[in-house]
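Student: First the structure, which I've put down as C-alpha cells, then a few questions once you've had a look.
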Amino acid sequence: MRKTTKTTKTTPSTTGSDTDTGGGTTASPASAPATSPPVLGPRALNRATLARQLLLTRSLMSAKDALTHLLGLQAQNVKPPYYALAARLDGFDPEELSRLMAEHEAVRIVTMRSTIHTHTADDCLTLRPLVQPARDRELTYFRKGLVGVDLDRLTVLARDLVETEPRTMKQLREALLVEWPDADPQSLSVAARCRLPLVQVTPRGLWGRSGQVALTTAEHWLGRRAEPDPDQASTTDATVLRYLAAFGPASVKDMQTWAGLTRLRDAFERLRPQLLTFRDEHGTELFDLPDAPRPDPDTPAPPRFLPEFDNLLLSHADRTRLVPTDLKGRTWTGNQAHCVLLVDGLVAGLWRLADGTLTVEPFGKLTKGVQAAVVEEGEWMLGTLHAGTAYDIRFGTVVRG
C-alpha cells in the first residue's frame, strides 16, 4: 500500500540564500576582499547536495523540469531514470517520462563520462556538443583499429546510414566494414558514436516496453539541429552554473568528474565574481551560487531508494559527502553497480527488486524506527512504479560473496 505524505516543492532558486555551515557562518561573494572562506563539513555538503538533488523533500516539479534541473539522468540501463525520478518527485507517473521519450521531448544519448544519459531534447542539443572534446579524446584510444580510415568520410557515411533508417550498432559496423574491411569492427562503431550525436530511438527506453538499441542522429530524431555557438565559453559558463545548482557546492575537479572534461578552471574563474567560495575540511576550494540551498546540517534526510548508476554518486571527485569512507567500493561488484539505499543522507545499503520481493541489505544495524522508515519508503517506490502488483519487502542479502 502506498503511503501518502505531505510534501512541498523544492527549487534551488527559492530556498533561502543564507549559508549555514553548521556554525552560523555566511560566505561572502568570491570577489570580496580576501578572507578565509568558511569551511563546509561533510554533513553540510551532504544536506546541500541532497536538497539540490530533490532528495530531502520530494518536489512537485514535472518530469521534464526535473530532467532539466538535474542536467539529465544516467541511463546505462532502461529503468534507472524512472526509479531516479520516483525518489525525487511527488506524484511521479512513469508514463510521464515515457511519454516525453515517445514524443521526442527526451532522448537517450551518450554524453557525460561517455555514458548514456536521458536528457531533454534541448539539453541533448546543448550538452552533447559541450562534451565533444571528451569524445574526440576517447576516439584516440581506438586509433590502432582505425588505421587507413578517413574519419570525415566515416562521419558522412554513418550519418547517411542512420538517417536513412535507424541502425543497430551491429548493422552500422557491418555497413562500415564494407568500406574499410581491414579496420577493427568495434573501433568503427566507436568512431561513429564519437563523431555523431547518436540517440536511441523508441520503443527503447519506454516504460513497460522493450526494444533493441537502434540509433539515428539527434538532429534527425528531433527534427532540428543544434544552433551554432559563436561563443563556446558562454555555453560552458551556463553549464557550470547549472551544475552548481544541481550538485553544488563543488570544486572545479568535481565538475570535471561529472562532465568527463578537463580544463574547466577558466570557466570558474570567469564566474568567480558572481559566486560564493568555501573550503571543505581538506582545504579544497568549493564554489556555489549565492541563492542555492544550504540547509542546516541537522535537517532530517529520509531514506531513499536510488537506482544503479545514479548521478548523485557519480558527479563529484570527492564522494565522502555521500559515501562513508569505510563503505567505499561496497556499491559495486566488478563492473556491476548495485541499487543503493540512502539512510540519513548517506549510502547505507543495497536493494534489489526481483521475484515479487524488494530485498534490502543494510550495511549496518538499523534501529526499528529507521527500519520502519525504510519500509515506508519502499512502499512509496513500489506504489509509484508498480501499482497494482503485490511485493513483499524484506531485509536480507542482495549481494552474495
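Student: Quick one: is L312 modelled with pLDDT of 95 or more and assigned to a helix (DSSP H, G or I)?
Tutor: yes
Student: Among the residues of the range 36-79, what is the count of those that are crowded, with 18+ Cβ neighbours inside 10 Å, within 14 Å of the chain's Cα centre (by Cα) and among the basic types (K, R)?
Tutor: 1
Student: Further, regarding this structure: When R204 is evaluated against the numbered criteria (1) more than 30 Å from G283 (Cβ to Cβ); (2) buried (at least 19 other Cβ atoms within 10 Å of the Cβ); (3) within 21 Å of the chain's Cα centre (by Cα), which criterion, by number, is the only one it fails?
Tutor: (2) is the only condition that R204 fails.
Student: Run down R270, R330 and say which single residue is touching an Asp or Glu at 6+ places or on another chain (Cβ under 8 Å), over 23 Å from L67 (Cα atoms) and in contact (Cβ under 8 Å) with a residue 24 or more places away in the chain.
Tutor: After ruling out the rest, the residue left standing is R270.
Here is a yes/no grid of residues against (1) modelled with pLDDT of 95 or more; (2) open to solvent by 30 Å² or more (accessible area, probe 1.4 Å):
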{"site": "L322", "(1), (2)": "yes, no"}
{"site": "D326", "(1), (2)": "no, yes"}
{"site": "T333", "(1), (2)": "no, yes"}
{"site": "V343", "(1), (2)": "yes, no"}
{"site": "A348", "(1), (2)": "yes, no"}
{"site": "R352", "(1), (2)": "yes, yes"}
{"site": "D355", "(1), (2)": "no, yes"}
{"site": "L358", "(1), (2)": "yes, no"}
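Student: Where the second residue is open to solvent by less than 40 Å² (accessible area, probe 1.4 Å) and basic (K, R) and the first is closer than 21 Å to T120 by Cβ and lies in the range 174-202, which pairs have Cβ atoms under 7 Å and are six or more apart or on separate chains?
Tutor: P197/R128; V199/R108; Q200/R108
Student: What about G211, is it touching a Lys or Arg at 6+ places or on another chain (Cβ under 9 Å), free of Cβ contacts under 8 Å to residues at least 12 places away in the same chain and either open to solvent by 50 Å² or more (accessible area, probe 1.4 Å) or not acidic (D, E) (or both)?
Tutor: In short, yes.
Student: Can you name the residue in the range 252-266 that is part of a loop (DSSP other than H, G, I, E, B) and over 17 Å from the mean Cα position of the chain (by Cα) and is also nearest to T111 (Cα to Cα) among such residues?
Tutor: Across the range 252-266, the extreme among qualifying residues is T262.
Student: Checking T49 against (1) closer than 23 Å to D280 by Cβ; (2) modelled with pLDDT under 55; (3) not small (G, A, S), which single condition isn't satisfied?
Tutor: Of everything listed in (1) closer than 23 Å to D280 by Cβ; (2) modelled with pLDDT under 55; (3) not small (G, A, S), T49 misses just condition (2).
Student: A further question follows. Any residue that is in contact with a Leu (Cβ under 8 Å, 6 or more places away or on another chain), at pLDDT 95 or above, part of a helix (DSSP H, G or I) and under 18 Å from V213 (Cβ atoms) - is there at least one of those in the range 120-130?
Tutor: Yes, that holds for at least one residue.
Student: Related question: Hey, can you tell me all the residues within the range 102-120 that are of a type in the set (A, V, I, L, M, F, W, C) and touching a strand residue (DSSP E or B) at 6+ places or on another chain (Cβ under 7 Å)?
Tutor: A106, V107, I109, V110, I116, listed by residue number.
Student: Residue by residue through the range 317-344, note down the ones that are closer than 14 Å to T49 by Cβ and in a loop (DSSP other than H, G, I, E, B).
Tutor: Within the range 317-344, A317, D318, R319, T320, R321, L322, V323, D344 meet the criteria.
Student: Can you name every residue in the range 140-173 that is more than 30 Å from T202 (Cβ to Cβ), touching a residue at least 24 places away in the same chain (Cβ under 8 Å), outside any helix (DSSP H, G or I) and open to solvent by 50 Å² or more (accessible area, probe 1.4 Å)?
Tutor: Of everything in the range 140-173, those that are more than 30 Å from T202 (Cβ to Cβ), touching a residue at least 24 places away in the same chain (Cβ under 8 Å), outside any helix (DSSP H, G or I) and open to solvent by 50 Å² or more (accessible area, probe 1.4 Å) turn out to be V147, G148.
Student: So which of A390, A373 is within 22 Å of L85 (Cα to Cα) and part of a loop (DSSP other than H, G, I, E, B)?
Tutor: Residue meeting the stated conditions: A390.
Student: Do you know which of the residues in the range 367-382 that are of a type outside the set (V, I, T) and either in contact with a Gly (Cβ under 7 Å, 6 or more places away or on another chain) or open to solvent by less than 20 Å² (accessible area, probe 1.4 Å) (or both) is farthest from W207 (Cα to Cα)?
Tutor: E377
The values are calculated or read from the model by the stated rules, or taken from the named source; none is laboratory data. Keep in mind that this is a model prediction, so the values were computed, not measured. Every residue, glycine among them, receives a Cβ derived from its backbone with ideal geometry; neighbour counts consider all protein chains shown. Note: accessible area is taken over every heavy atom of the protein model, side chains too, but ligands, DNA and RNA are not part of it. Shrake-Rupley method; radii C 1.70, N 1.55, O 1.52, S 1.80 Å.
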